[in-house]
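Data first, discussion second: the structure below is written as structure tokens.
The values are calculated or read from the model by the stated rules, or taken from the named source; none is laboratory data. These figures come from a predicted structure and were not determined experimentally. Here Cβ is always computed from backbone atoms with ideal geometry, including for glycine, and neighbour counts include all displayed protein chains. Side chains are part of the model used for accessible areas, which takes the heavy atoms of the whole protein and leaves out ligands, DNA and RNA. Shrake-Rupley method; radii C 1.70, N 1.55, O 1.52, S 1.80 Å.
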Amino acid sequence: MTGTELTKVIESYVHQLATETEQAKTSVKIVDYLRFTAQFHSYSFHNTLSIFIHCPHATKVAGFKAWQKLGRWVRKGERGIPILAPCTVKAQVESVDEDPVKRVAYFRVVYVFDISQTDGKPIPEAPITATGSDQGLLSILEQVAADHGIHLEYKTLAGSHHGTSYGGRIEIDDRLEPAGKASVILHELAHEFLHQHEDRSSSSRQQRELEAEATAFVVCTHFGIHTAAPEYLALWNVPEDDILASFQRIHQLAMQLVNEVTTLSTAPELPREAM
């Protein structure tokens, strides 16, 4: 396949991803997951820090009664995670025509619990994991990472993320199926190549996730691996136009990775005595 032909193929993949992402935004599994996550509060920096200190593996936290409303119950003997909750009072108004305004009077300590401290009704998982066969790609991607001096490690990761890029080092969740591992490695390799050495203020996290996941989608699709990229980008609420606007960066890295994988997959094996 010539470079021009590969460019056209990659462009078709990017258009496919843009279309499927828009469709995914209205899918039942995405809507159900967003409806579920909308029931959890966003916490201030200090409360987030307190949650991390008291329960580093926390992923979803809520109060005792909030968990009951979600069909789950805190297990007996579990210790709560302390956070500060604002207590408000109605401020005085100068005229009867003004609506009363609430202001924070003081803070009090309340306790929340991580989902790992509860039992009960199953909760929906983010539909962002590829499953099935890696089509022989996994071992080749491990070699690609090694060739670029990137240390790749499989380990059980806490929380809902499946991989992390640290700049010269990648961690991948060892519980993923082969297709999932291949897809996440490509995602994290994209972060390594595109984002680790750039000024973070020049792009948003949404854009970085778009570029990484789109690159993984293109390479996986080219080699016959079905990914959950449309659902992943739908959860990030990525607009179709943004995917197309990032074509050049996606294309350049995807072409590099496709060529590297192709070269490694067609390279003759060395005789055992030469290894």
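Key figures
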item	result
Residues satisfying the stated conditions in region 92-110, i.e. within 42 Å of the chain's Cα centre (by Cα), among the hydrophobic types (A, V, I, L, M, F, W, C) and modelled with pLDDT under 70	VAL101, VAL104
Condition check for ALA85: modelled with pLDDT under 80, surrounded by 10 or more Cβ atoms within 10 Å (Cβ to Cβ) and assigned to a strand (DSSP E or B)	no
Exclusive hit being without any contact (Cβ under 8 Å) to a residue 12 or more places away in the chain and under 13 Å from the mean Cα position of the chain (by Cα), set ARG200, ARG205	ARG205
In region 162-192, residue nearest to HIS57 (Cα to Cα) [restricted to those that are surrounded by fewer than 19 Cβ atoms within 10 Å (Cβ to Cβ) and in contact (Cβ under 8 Å) with a residue 40 or more places away in the chain]	GLU177
Any chance GLN117 is open to solvent by less than 30 Å² (accessible area, probe 1.4 Å), of a type in the set (S, T, N, Q) and at pLDDT below 95	yes
Residue count, region 193-233 (criterion: of a type in the set (Ser, Thr, Tyr), open to solvent by less than 10 Å² (accessible area, probe 1.4 Å) and either farther than 19 Å from THR262 by Cα or at pLDDT below 90 (or both))	1
Close pairs from region 109-131: first touching a residue at least 40 places away in the same chain (Cβ under 8 Å) and in a strand (DSSP E or B), partner among the basic types (Lys, Arg) and surrounded by 14 or more Cβ atoms within 10 Å (Cβ to Cβ), Cβ under 7 Å, at least 6 apart	ASP114/LYS60; THR118/ARG72; ASP119/ARG72; GLY120/ARG72
Failed item, numbered, when TRP236 is tested on (1) without any contact (Cβ under 8 Å) to a residue 24 or more places away in the chain; (2) open to solvent by 60 Å² or more (accessible area, probe 1.4 Å); (3) in contact with a Leu (Cβ under 8 Å, 6 or more places away or on another chain)	(1)
Region 245-264: number of residues that are open to solvent by less than 60 Å² (accessible area, probe 1.4 Å) and under 14 Å from GLU11 (Cα atoms)	8
Residue within region 124-145 that is out of contact with any helix residue (DSSP H, G or I) (no Cβ under 8 Å at 6 or more places or on another chain) and surrounded by fewer than 12 Cβ atoms within 10 Å (Cβ to Cβ) present	no
Single unsatisfied condition, SER183 versus (1) in contact with a strand residue (DSSP E or B) (Cβ under 6 Å, 6 or more places away or on another chain); (2) modelled with pLDDT of 95 or more	(1)
